[in-house]
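Just below is one structure, and these are the notes that go with it.
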Ligand SMILES: *Cc1c(COP(=O)(O)O)cnc(C)c1O
């Protein structure tokens, strides 16, 4: 072997990339997994039936490529939101669509921006395109900094609403004031919108620079199937269709998603249950423990643990995280962001999971320091 290795031959910006760090997916059993905002309840039984039909039937054989434009699924999504199929693009998870959006609107000289904190995948995608990021800080009020966003100079702005990892929702009125003041493309990443009071879909008819991104990973309990969608002006959808993989959504995923969207009654029950569990634990941690907790419009809770001496901070959050981990309760800690370093982000689980979590937090409160 002689000459340069692959690393030396790669593009300079690629050699400097850092891969996205996903939440832990532990392989052993016995974990209470409250770290990646998956749904604690199973998907609609119609999903397994649809997949079985797709695998077993001759007509729709796995020998054949899937529908390259996911047209039946596009139509189902469009009908659900009162839009036309030309306003919908389907992705291999919403991460796929976020990536396509960065491809279309960001690169050297075309800045992407987002709030800090927000979804930590955005800077990774921007880095892949050799683009530049600007961040707009949020504070504990979680008021949307409209003027700062408008003046960000970005070609494209990613707004996670409800926000991750705080869980707080922005109002449609706040989002509309951004649309009126910001001259670029506004992507509202609505991964958690089914758990929120408001969403931005109604603004699409008035604002051509708006793109709403949704996923079936959270409220539809289908993180494993990888389906998300974008709602936007047909011209934007045309751009996404030009830069996506031609077969970006598998046959099984298309069938599963169509079945899930068709069972709105089942999912309304799932979402109501998760919201009720969420609200009861927010109330509990605020009133019983006296913990500062962001009002959640999502399927997770961002709370600031207070130890038995009344202290909060990064070390306290880490101590709670480590204690929970030692009891096989997995939550998320974001130590690198100033606003969230003293918080834990906890996905809303089943009643049994939440009980184990809450008992473990009580045990942490009673444990001697550094136990
Ligand atoms: C979970 C999540 C996504 C990813 O969704 P997938 O469809 O699973 O790729 C996107 N944005 C935010 C804010 C999320 O929390």
Condition check for residue 357: in contact (Cβ under 8 Å) with a residue 60 or more places away in the chain and over 14 Å from residue 285 (Cβ atoms): no
Residue check for residue 224: within 11 Å of the ligand (Cβ to nearest atom), touching a strand residue (DSSP E or B) at 6+ places or on another chain (Cβ under 7 Å) and in the same structural domain as residue 83 (by TED's automatic domain parsing): no
Residue satisfying condition, being more than 16 Å from the ligand (Cβ to nearest atom) and either surrounded by fewer than 22 Cβ atoms within 10 Å (Cβ to Cβ) or under 23 Å from residue 267 (Cβ atoms) (or both), within set 243, 213: 243
Residue among 14, 47 that is more than 18 Å from the chain's Cα centre (by Cα) and either surrounded by 13 or more Cβ atoms within 10 Å (Cβ to Cβ) or assigned to a loop (DSSP other than H, G, I, E, B) (or both): 47
Single condition residue 229 does not satisfy, out of (1) crowded, with 22+ Cβ neighbours inside 10 Å; (2) more than 13 Å from the ligand (Cβ to nearest atom); (3) within 17 Å of the chain's Cα centre (by Cα): (2)
Cβ pairs under 6 Å, 6+ apart, first in the range 236-249 and in contact (Cβ under 8 Å) with a residue 12 or more places away in the chain, second in a loop (DSSP other than H, G, I, E, B): 246/68; 247/65; 247/66; 247/68; 248/92; 249/70; 249/92
Close pairs from the range 2-17: first under 17 Å from residue 123 (Cβ atoms), partner at pLDDT 85 or above and part of a loop (DSSP other than H, G, I, E, B), Cβ under 7 Å, at least 6 apart: 13/130
One residue from 255, 268 being without any contact (Cβ under 8 Å) to a residue 24 or more places away in the chain and part of a helix (DSSP H, G or I): 268
Residue within the range 269-282 that is in contact with a helix residue (DSSP H, G or I) (Cβ under 7 Å, 6 or more places away or on another chain) and loosely packed, with under 15 Cβ neighbours inside 10 Å present: no
Residue 177 under 22 Å from residue 123 (Cβ atoms), away from the ligand (no atom under 16 Å from the Cβ) and either touching a strand residue (DSSP E or B) at 6+ places or on another chain (Cβ under 6 Å) or part of a helix (DSSP H, G or I) (or both): no
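Matching residues to (1) within 30 Å of residue 336 (Cα to Cα); (2) within 16 Å of the ligand (Cβ to nearest atom):
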position	(1), (2)
54	no, no
64	no, no
69	no, no
77	no, yes
84	no, no
93	yes, yes
104	yes, no
111	yes, no
Close pairs from the range 78-92: first farther than 18 Å from residue 241 by Cα, partner surrounded by 15 or more Cβ atoms within 10 Å (Cβ to Cβ) and at pLDDT 95 or above, Cβ under 7 Å, at least 6 apart: 80/261; 81/201; 81/231
Residue identified as within 20 Å of residue 32 (Cα to Cα) and assigned to a loop (DSSP other than H, G, I, E, B) among 334, 325: 334
Filter result for residue 123 (assigned by TED's automatic domain parsing to the domain that holds residue 238 and over 22 Å from residue 303 (Cα atoms)): yes
Odd one out for residue 342, checked against (1) over 21 Å from residue 32 (Cβ atoms); (2) surrounded by fewer than 19 Cβ atoms within 10 Å (Cβ to Cβ): (2)
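The values are calculated or read from the model by the stated rules, or taken from the named source; none is laboratory data. Quick caveat, the model's predicted, so the values are computed rather than measured. In this analysis, Cβ positions are derived from the backbone assuming ideal geometry, glycine residues included, and neighbour counts consider all displayed protein chains.
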